[in-house]
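Reading through the structure tokens given below for one structure.
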Amino acid sequence: MPISSSSTLYCSALGIFLAAACLLVWLSLGVGIIGQDGDPANRMYFGVLAVGFLGGALARFRPRGMAHAMFATALAQALVTAIALAAGMGLPYSGPAEILALNGFFIALFGASGWLFRRAGRTSGQHINRAA
């Protein structure tokens, strides 16, 4: 039985999310995205991941709900970035450009995952209501 394009899109989106989540845990615990290793500010990233995993569970892992969960995860990542920059966290080890670049990378990954989930939902016939 051939694999449908919706399942390929869904698997790609899920793979991007899981890879980004693993990389986010590794970087935040291992070297520290904000400041140096062990900086308590890096704990905020567990909230970002909680948004993704809990959102996915609440959506019962359906493409439409997963798209919303990934966009919410990207928004949570952006919120952590804004908090870190506004509070001057990470200095002198992590400057604003480094914090923006690293977090922007994760925002892009979570956004790409959401976009792929959205496309998987449309391909499978589970359309996202554009009015919402």
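Mind checking the full-extension length gain between ALA87 and ALA108? Use 0.36 nm per residue of separation minus the Cα-Cα distance, one decimal, nm.
Details: separation 21, 0.36 × 21 = 7.56 nm, distance 2.30 nm.
Roughly 5.3 nm would be gained on extension.
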Descending semi-axes in whole angstrom, ellipsoid equivalent of the chain, from the Cα gyration tensor:
31, 14, 11
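When the helices in the chain are scored as -39500 (n - 2.57) per DSSP H run of 4 or longer and the sum is shared across all residues, what 222 nm value do you end up with, to the nearest 500 deg cm²/dmol?
Calculated mean residue ellipticity at 222 nm is -25000 deg cm²/dmol.
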Once Lys and Arg are counted +1 and Asp and Glu -1 for all other residues with Cβ under 11 Å from that of GLY90, the total becomes -2
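If you take the beta carbon distance between GLU98 and ALA57 as r and set R0 to 25 Å, what does 1/(1 + (r/R0)^6) give as a FRET efficiency, to the nearest 0.05?
Values: r = 33 Å, r/R0 = 1.30.
Using R0 = 25 Å, I get an efficiency of 0.15.
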Could you give the dipole magnitude of the chain about its Cα centre, charging the beta-carbon of Lys and Arg +1 and that of Asp and Glu -1, in debye to the nearest 20?
780
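Taking R0 as 35 Å, what's the FRET efficiency between ARG43 and SER12 from their Cβ-Cβ distance, rounded to 0.05?
About 0.75, to the nearest 0.05.
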Choice from ALA13, ALA57, ALA76 showing the highest fluctuation, given a GNM over the chain with Cα pairs closer than 10 Å
ALA57
Pair SER5, ALA50: separation of 7 Å Cα→Cβ label points (nm)
3.9
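For a Förster distance of 25 Å, can you work out the FRET efficiency between the beta-carbons of GLN36 and TRP115, rounded to the nearest 0.05?
About 0.15, to the nearest 0.05.
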Compare the peptides 79-88, 113-122 by average per-residue count of other Cβ atoms within 10 angstrom and give them in order, highest first.
113-122, 79-88
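The numbers here are math on the coordinates, done by the rules we state, and not lab data. In this text, all values refer to a predicted model and were calculated from it rather than measured experimentally. Methodologically, a virtual Cβ is constructed for each residue, glycine included, from the backbone with ideal geometry; neighbour enumeration extends over all protein chains shown.
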